[in-house]
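Okay, structure first, notes after.
Bear in mind these aren't lab numbers, they're just calculated from the coordinates by the rules spelled out. Just so you know, these numbers come straight off a predicted model, no measurement behind them. Cβ sites come from the backbone with ideal geometry, for glycine too, and all protein chains shown count toward neighbours.
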Amino acid sequence: MSLDLFRHYGARRMRSYVDQPPLVGPVDADTEDDKPAVALDFETPAHAWQPSSVASDSVDPSALPSRFIDGCHRGETVAWLRDAASHPFPIRLAEIGGVCMRIEGRTLVREFVRVERVVSLIVDPFPWDAVERFAARLREMEMRLLPAALPRLDDERRGPTHDFEKMREQTRVRSQYEMETLEELALCQNLDALSLVDGRLGRMRSHELDRLNAVGVIKQHLENYLHPRGWEVLYGLEPGQRTPAFRVPSKDLPVVSWYLKLDGAHGAMPNWGVVRVEISCAHFERHRCNFSYLDRLSNALLHLRCRQGTYARAAVSLEPIVRAEDSLKSLLTAPATLAQRFYRLTGL
């Protein structure tokens, strides 16, 4: 097996540098009209939104997650090559993983873990026999080739571009997608136990998600789901309080969601210390659409919140997820070491 793909297309090492913005903005960004209508009056009419206190000294065992799912994607662009038209094609080397930690008595044990080394590359312009030989050579090096998609040029076309950052983003997205697949694999090891996922449930793709007793906790708020009154309530939350729940439609997995304040009393952190929690609509229906279940679940999350003052994201993190992250990262190779090994094995 050879690396003639590298040799024929002039592959060379990539020196690390600060990510640059794309030359033009994305052409396929969602417009406001394309976004599904969020049912903000799902629990409470919009004009009547108020903070709701959910903190309690006791925890309902049926609302306490027993499994905790996290993933890790550690990678960088280590090389690049060019096609006949001088389009740049980044080569991303990454280690990805998914892990599940399970409560066993008073301790957390690792129930499942999978770590893989992957190489992400847009392969469409290259001869398939060369791509297949490259993939086979990577397998010999215990790495897996992830074919990335060409970037979108307009609403109907995809193709190569001379915008290196846009090409590089495609390889990152492909590796991230595969990491989420490993997270989902960890989640689906047990369809019955109440499991907590670090991130949105909607990014999972299993046809069995409606069966899962899964809770998603989102730390980064990239979408605006709220009306003006909702923002007033969110900024007025105190630790141990939540907003009314709202329903977010989706063709894949409609969810019931709400915001919960974990930390930052007296407005000390107006837009930090708040997480968004979501469960599937099917999960909510299994609990007879009882909003008090959301209170009990929120209280359980409060008891699981991270209390490590030295952890930078403690205000929006849960202790079992932090432990899962540490467990998974302990299995990963330092990026510089992994890159040097890749260079040595490929002769770059």
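Counting pairwise Cα distances across the range 93-142, what percent come out greater than 15 angstrom? Of the Cα pairs, 62 percent sit more than 15 Å apart. Among the trypsin sites (Lys or Arg not before Pro) within the range 128-197, those in coil by DSSP and having at most 12 neighbouring Cβ atoms inside 10 Å are ARG157.
Name the shape class, rounded, prolate or oblate, that the alpha-carbon gyration tensor gives for the range 160-254, where a ≥ b ≥ c are the square roots of its eigenvalues, rounded holds for a/c under 1.5, and otherwise prolate holds if a/b is larger than b/c and oblate otherwise. Oblate. For the range 148-199, the list of GluC sites (Glu not before Pro) that fall in a loop by DSSP and count at most 15 other C-beta atoms within 10 angstrom reads GLU156.
Computed extension gain for TYR225 through HIS47, at 0.36 nm per residue and net of the alpha carbon distance, reaches 62.5 nm.
On the basis of the beta-carbon distance and an R0 of 35 Å, VAL59 and ALA37 show a calculated FRET efficiency of 0.50.
Once the Cα-Cα distance is subtracted from the 0.36 nm per residue extended length, the ARG288 to TYR343 segment shows a gain of 14.1 nm. Can you give me the Rg/Rh ratio for the chain, using Cα atoms for both radii and the Kirkwood formula for Rh? With Rh from the inverse mean 1/r over Cα pairs, Rg/Rh is 1.01.
If the chain linking HIS266 and ARG12 were pulled fully straight, counting 0.36 nm for each residue of separation and taking away their Cα-Cα distance, it would gain 86.0 nm. Per-residue Cβ neighbour counts within 10 Å put VAL173, VAL109, VAL255 in the sequence VAL109, VAL173, VAL255, beginning with the fewest.
In this rough spin-label picture, where each label sits 7 Å from Cα along the Cβ direction, the ASP326-LYS251 distance is 4.3 nm. Give the aspartates and glutamates whose C-alpha is closer than 15 Å to that of LYS166, dropping any in the same chain fewer than 8 places away, or say none. Within the straight-line limit of under 15 Å, LYS166 reaches these aspartates and glutamates: ASP19, ASP28, GLU76, ASP154.
Length, then width, then depth: along the principal axes, the Cα atoms of the range 247-331 run 40, 40, 22 Å. Charged side chains reduced to their Cβ positions (Lys and Arg at +1, Asp and Glu at -1) give the chain a dipole of some 1140 debye around its Cα centre. Kindly provide log₁₀ I(q)/I(0) values, in the same order as q = 0.21 Å⁻¹, from the Debye equation applied to equal alpha-carbon scatterers of the range 64-126. Values returned for q = 0.21 Å⁻¹ are -0.84.
Rg/Rh for the range 202-348 (Cα atoms only, Rh after Kirkwood) is 1.08.
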